[in-house]
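S.K.: Pasting a structure below so you can have a look.
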Amino acid sequence: MTLTLPGFDHIRLPGADGVELAAAVGGSGSPVVLLHGFPQTHLMWRHVAERLADEHTVICPDLRGYGASDKPAATAPDVYAKRTMAADVLSLAAALGHERFALVGHDRGALVAFRAGLDHPETITHLGILDIVPTLDMWNVLHGVSAAVAYHLFLMAQPPGLPEAMIAGSADAFFGSFLDAWANDPTAMPEDVRAEYLRASAAAVTSIVADYRASADIDVVHDQADLDAGSQLAMPVTVVQRDWGAQLGYDAAGVWKAWAADLDHRLTRAGHFMAEEAPNEIAAAIQDLLAR
């Protein structure tokens, strides 16, 4: 049985280009959309969403290509472009009656949120980012043996065929390795939740690889165009990260200041899966963001 958020309504609504997204919706008040990361589903927000729902309408979709959402074939480079995935989120929110909303993303979802913030400043009121730097910066900070922490980025950037076959052949070991390596507190991810992530990811190998492949191609093109144009995020931005800058040798806050004038940059002692390991801290950071 698919795990989801207790007490929330579970719906399917149109994204972009005929793609349907599955989402959990609960609470009442000003809208906040929460986007999950890899290798997860909207279930990663179960603790944070419950805390935010007292004051906000909380919308937690599965990204296209993940979980219970549609998984279209990558027949063109833009099918899994973050620009397209951002359009999914706007379409979903509009179908629920929200023309403006706050947006928070973790990992892959944070890349989608970043693109939505740049492309749709009239729609995104506040932007929260958990544990990434933008795609263009991500490739620029990966150097030498320290880049081995991100080997999956290079694997899934390869042409279609081999990455999908390699990952599908050992899906639980592949996806499970990230759940193990990136967590500081493994008890924050109970066995049933871990099993759901592995089940959902194994059923979505082709679309997950397509999502990552887009970040080695069309997403870089889009980020570079914005950088060349001097584009910045117009809304208040909060970024919460592990201290990847110290590990990989770059100034994480400095990277983000180049994109966001109104920036609150925070470091956490939680692991990569911080919404599950430190939900009170993350919910408080989001509430602080929404108060700006």
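The values are calculated or read from the model by the stated rules, or taken from the named source; none is laboratory data. On a predicted model such as this, the values are computed, not experimentally measured, just so you know. So basically every Cβ, Gly included, is an ideal-geometry build from the backbone, and we count neighbours across all protein chains shown. Accessible surface areas use protein heavy atoms only, side chains included; no ligands, DNA or RNA. Shrake-Rupley method; radii C 1.70, N 1.55, O 1.52, S 1.80 Å.
S.K.: Taking Asn140 and the conditions (1) at pLDDT below 95; (2) in contact with a strand residue (DSSP E or B) (Cβ under 8 Å, 6 or more places away or on another chain), which numbered condition does it fall short on, given that it satisfies the others?
M.R.: (2) is the only condition that Asn140 fails.
S.K.: Which one of Ala216, Ala183, Ala204, Ala210 is in contact with a Phe, Trp or Tyr (Cβ under 7 Å, 6 or more places away or on another chain), within 16 Å of Pro77 (Cβ to Cβ) and either surrounded by 17 or more Cβ atoms within 10 Å (Cβ to Cβ) or at pLDDT 95 or above (or both)?
M.R.: Of the residues listed, the single one that is in contact with a Phe, Trp or Tyr (Cβ under 7 Å, 6 or more places away or on another chain), within 16 Å of Pro77 (Cβ to Cβ) and either surrounded by 17 or more Cβ atoms within 10 Å (Cβ to Cβ) or at pLDDT 95 or above (or both) is Ala210.
S.K.: Got at least one residue in the stretch 239-246 being open to solvent by less than 40 Å² (accessible area, probe 1.4 Å) and in a helix (DSSP H, G or I)?
M.R.: yes
S.K.: So how many residues does the stretch 138-160 have that are of a type in the set (Val, Ile, Thr) and touching a residue at least 24 places away in the same chain (Cβ under 8 Å)?
M.R.: 2
S.K.: Starting from the stretch 1-13, take each residue that is on the phi < 0 side of the Ramachandran plot and list its partners that are acidic (Asp, Glu) and buried (at least 16 other Cβ atoms within 10 Å of the Cβ), counting only C-beta distances under 6 angstrom and pairs at least six apart or across chains.
M.R.: Pairs that qualify, where the first residue is on the phi < 0 side of the Ramachandran plot and the partner is acidic (Asp, Glu) and buried (at least 16 other Cβ atoms within 10 Å of the Cβ), are Leu3/Glu196; Arg12/Glu20.
S.K.: Restricting to the stretch 123-171, give me the number of residues that are surrounded by 14 or more Cβ atoms within 10 Å (Cβ to Cβ) and either within 30 Å of Glu191 (Cβ to Cβ) or of a type in the set (Ser, Thr, Tyr) (or both). Reasoning before the result, please.
M.R.: So the first thing to find is which residues in the stretch 123-171 are surrounded by 14 or more Cβ atoms within 10 Å (Cβ to Cβ), and the list is 123-139, 141-142, 147, 149-150, 152-158, 163-164, 166-167, 171.
Checking which are either within 30 Å of Glu191 (Cβ to Cβ) or of a type in the set (Ser, Thr, Tyr) (or both) leaves us with 123, 125, 128-132, 135, 149-150, 152-153, 155-156, 163-164, 166-167, 171.
Counting residues in the stretch 123-171 that are surrounded by 14 or more Cβ atoms within 10 Å (Cβ to Cβ) and either within 30 Å of Glu191 (Cβ to Cβ) or of a type in the set (Ser, Thr, Tyr) (or both) gives 19.
S.K.: When you scan the stretch 253-286, how many residues do you find that are part of a loop (DSSP other than H, G, I, E, B), open to solvent by less than 20 Å² (accessible area, probe 1.4 Å) and over 16 Å from Leu127 (Cα atoms)?
M.R.: 6
S.K.: Any idea which of (1) part of a helix (DSSP H, G or I); (2) touching a residue at least 24 places away in the same chain (Cβ under 8 Å); (3) open to solvent by 40 Å² or more (accessible area, probe 1.4 Å) is the one Arg194 doesn't satisfy?
M.R.: Tallying (1) part of a helix (DSSP H, G or I); (2) touching a residue at least 24 places away in the same chain (Cβ under 8 Å); (3) open to solvent by 40 Å² or more (accessible area, probe 1.4 Å), Arg194 fails exactly one: (2).
S.K.: Now a separate question. Within the stretch 235-280, count every residue that is charged (D, E, K, R), in contact with a strand residue (DSSP E or B) (Cβ under 9 Å, 6 or more places away or on another chain) and touching a residue at least 40 places away in the same chain (Cβ under 8 Å).
M.R.: Result for the stretch 235-280: 1.
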